[in-house]
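Trainee: First the structure, then my questions, so here it is.
The values are calculated or read from the model by the stated rules, or taken from the named source; none is laboratory data. Everything numeric here is computed off the predicted structure, so don't read it as measured data. Every residue, glycine as well, gets a Cβ built from its backbone with ideal geometry; the counts of neighbours run over all protein chains shown. Ligands, DNA and RNA are excluded from the accessible area calculation, which covers all protein heavy atoms including side chains. Shrake-Rupley method; radii C 1.70, N 1.55, O 1.52, S 1.80 Å.
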Amino acid sequence: MAPVVLRVALALQLGLFSAVAVEGPVVITGATGRTGALLYNTLKAKGVSVRALVRNVTKAKEVLRCSACDASEGIFLGDVTKKETLVQAMEGAGALAIVASSVPVCTGGMDTCSYPKGAFPVDIDWLASKVQVEAFAESQKKAGKVPGPVVLCSSMGTTEPDSFLDKLGNGFAVFYKLNAEAALMSSGLPFTIVKPCGLSDTAAGEAQLLVGHDDSISLKTPITRGDVARVMAEATLQPEKAKGLRFDLCSQPGAATADFGKLFDEARNPLAQAQAQVVV
Ligand SMILES: NC(=O)c1ccc[n+]([C@@H]2O[C@H](COP(=O)([O-])OP(=O)(O)OC[C@H]3O[C@@H](n4cnc5c(N)ncnc54)[C@H](OP(=O)(O)O)[C@@H]3O)[C@@H](O)[C@H]2O)c1
Ligand SMILES: *[C@@H]1O[C@H](CO)[C@@H](O)[C@H](O)[C@H]1NC(C)=O
């Protein structure tokens, strides 16, 4: 085989040449959640067509400032555990952002937390993530399009078994999020997995964003939800850059990050970076 042919074959194997198109609206699940609403507003402000998958229209009215709050305004009522309720929102979609998540209910300290019945991490973070990915994959197939990307908000801390986050309400949230990551990565769909450190609600766009792998970066300073939303928004807007990435995301005081293409380059696993350099 001639070297050029070999290089092309390698590049194809690495998926470097296959185009990821975002043709159609970006579906956001968990859109009335704290990060989800920020992602919805970030993309909308950029003129991107967005669809919010919500389970509470009253909350959608408050948080997303819709008026009819129905499909005519891109608001879809659904439950991420039930595939049939996702079909309408996914129809003709260009990308999927999964921000729906289990939410622990605590009455006092960490040891008072529990999850509502049917809404444990196993139900929402794991099984419902697969449901969302399947519903999106089916919509892409039905529309006969090259599948658009799935951007998943997961969590840092997945290298530590039985961590305090896992112990919360005996839900094993981080363990199930890791399983969801693996399911998405083996789905055959283009993906980006964002694994934030502790979340805060300060202003976005003011910190230096840090990326890493396998919990090597510090968990000490939190990242604001608005910055997680910006990174997820950019991942849907720059799918070629963000495709195949799974990375930890945190922040620190410093020059505010503005170049997300560069951030995605830095977020590529060092092994994948080395391979890409061989073929380019
Ligand atoms: N807290 C941290 O420090 C931390 C650190 C790292 C990663 N994370 C992860 O980051 C992500 C975003 O966190 P967040 O605090 O911004 O999220 P959040 O406010 O807790 O939002 C969760 C969303 O999921 C929705 N949801 C739950 N069950 C659903 C169902 N069955 N059907 C449809 N929607 C459902 C909720 O709907 P409603 O709006 O109707 O309640 C809500 O919008 C989560 O995955 C979280 O685990 C958090
Ligand atoms: C729906 O959202 C409203 C407004 O946030 C809240 O008061 C209400 O309790 C929610 N309903 C359910 C069933 O969670």
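Trainee: Of the residues in segment 104-128, how many are open to solvent by less than 60 Å² (accessible area, probe 1.4 Å), without any contact (Cβ under 8 Å) to a residue 40 or more places away in the chain and not in a loop (DSSP other than H, G, I, E, B)?
Mentor: Residues flagged as open to solvent by less than 60 Å² (accessible area, probe 1.4 Å), without any contact (Cβ under 8 Å) to a residue 40 or more places away in the chain and not in a loop (DSSP other than H, G, I, E, B) within segment 104-128 amount to 1.
Trainee: Given the conditions (1) open to solvent by less than 60 Å² (accessible area, probe 1.4 Å); (2) assigned to a loop (DSSP other than H, G, I, E, B); (3) of a type in the set (A, V, I, L, M); (4) more than 25 Å from residue 230 (Cβ to Cβ), and given that residue 146 satisfies all but one, which numbered condition is not satisfied?
Mentor: Condition not satisfied by residue 146: (1).
Trainee: Determine, yes or no, whether residue 31 is more than 16 Å from ligand 2 (Cβ to nearest atom) and either of a type outside the set (Gly, Ala, Ser) or in contact (Cβ under 8 Å) with a residue 40 or more places away in the chain (or both).
Mentor: On the way: more than 16 Å from ligand 2 (Cβ to nearest atom): no; either of a type outside the set (Gly, Ala, Ser) or in contact (Cβ under 8 Å) with a residue 40 or more places away in the chain (or both): yes.
Spelling it out, it is not the case that residue 31 is more than 16 Å from ligand 2 (Cβ to nearest atom) and either of a type outside the set (Gly, Ala, Ser) or in contact (Cβ under 8 Å) with a residue 40 or more places away in the chain (or both).
Trainee: Something else about it: Could you run through segment 53-103 and say how many residues are within 12 Å of ligand 2 (Cβ to nearest atom), closer than 22 Å to residue 126 by Cα and crowded, with 22+ Cβ neighbours inside 10 Å?
Mentor: So the first thing to find is which residues in segment 53-103 are within 12 Å of ligand 2 (Cβ to nearest atom), and the list is 54-64, 69, 77, 79, 103.
Filter once more, so that each one left must be closer than 22 Å to residue 126 by Cα: 54-56, 77, 79, 103.
Filter once more, so that each one left must be crowded, with 22+ Cβ neighbours inside 10 Å: 54.
Adding up the residues that qualify gives 1.
Trainee: Right, here's the next one. Have a look at 229, 242, 173, 182 and point out the one that is away from ligand 2 (no atom under 16 Å from the Cβ) and more than 18 Å from residue 101 (Cα to Cα). Walk me through it before giving the result.
Mentor: Details: 229 fails: more than 18 Å from residue 101 (Cα to Cα); 173 fails: more than 18 Å from residue 101 (Cα to Cα); 182 fails: more than 18 Å from residue 101 (Cα to Cα).
Residue meeting the stated conditions: 242.
Trainee: In segment 238-267, which residues are open to solvent by 60 Å² or more (accessible area, probe 1.4 Å) and in contact with a Leu (Cβ under 8 Å, 6 or more places away or on another chain)?
Mentor: Of segment 238-267, the ones open to solvent by 60 Å² or more (accessible area, probe 1.4 Å) are 240-241, 246, 252-253, 255, 258-259, 262, 265-266.
Correct list: 252 only.
Trainee: Also, I was wondering about something else. So how many residues does segment 184-207 have that are over 18 Å from the mean Cα position of the chain (by Cα), away from ligand 1 (no atom under 14 Å from the Cβ) and surrounded by 13 or more Cβ atoms within 10 Å (Cβ to Cβ)?
Mentor: 2
Trainee: Select, from 177, 141, the only residue that is part of a helix (DSSP H, G or I), buried (at least 20 other Cβ atoms within 10 Å of the Cβ) and not β-branched (Val, Ile, Thr).
Mentor: After applying the criteria, what remains is 177.
Trainee: Additional query: Residues being open to solvent by 10 Å² or more (accessible area, probe 1.4 Å) and out of contact with any Gly (no Cβ under 7 Å at 6 or more places or on another chain): count how many of those fall in segment 21-34. Steps first, answer last, please.
Mentor: Here is the first cut: in segment 21-34, the ones open to solvent by 10 Å² or more (accessible area, probe 1.4 Å) are 21-25, 30, 32-34.
Applying the additional criterion that residues be out of contact with any Gly (no Cβ under 7 Å at 6 or more places or on another chain) yields 32-34.
Looking only at that region, the number is 3.
Trainee: As an exercise: evaluate residue 217 against (1) over 23 Å from residue 160 (Cβ atoms); (2) in a loop (DSSP other than H, G, I, E, B); (3) open to solvent by less than 50 Å² (accessible area, probe 1.4 Å) and give the number of the one condition it does not meet.
Mentor: All conditions are met except number (1).
Trainee: Identify the single condition in (1) assigned to a loop (DSSP other than H, G, I, E, B); (2) modelled with pLDDT of 95 or more; (3) more than 16 Å from ligand 1 (Cβ to nearest atom) that residue 16 does not satisfy, given that it satisfies every other one.
Mentor: Among (1) assigned to a loop (DSSP other than H, G, I, E, B); (2) modelled with pLDDT of 95 or more; (3) more than 16 Å from ligand 1 (Cβ to nearest atom), the lone unmet condition for residue 16 is (2).
Trainee: Out of (1) within 10 Å of ligand 1 (Cβ to nearest atom); (2) under 18 Å from residue 128 (Cβ atoms), what's the single condition that is false for residue 59?
Mentor: (2) is the only condition that residue 59 fails.
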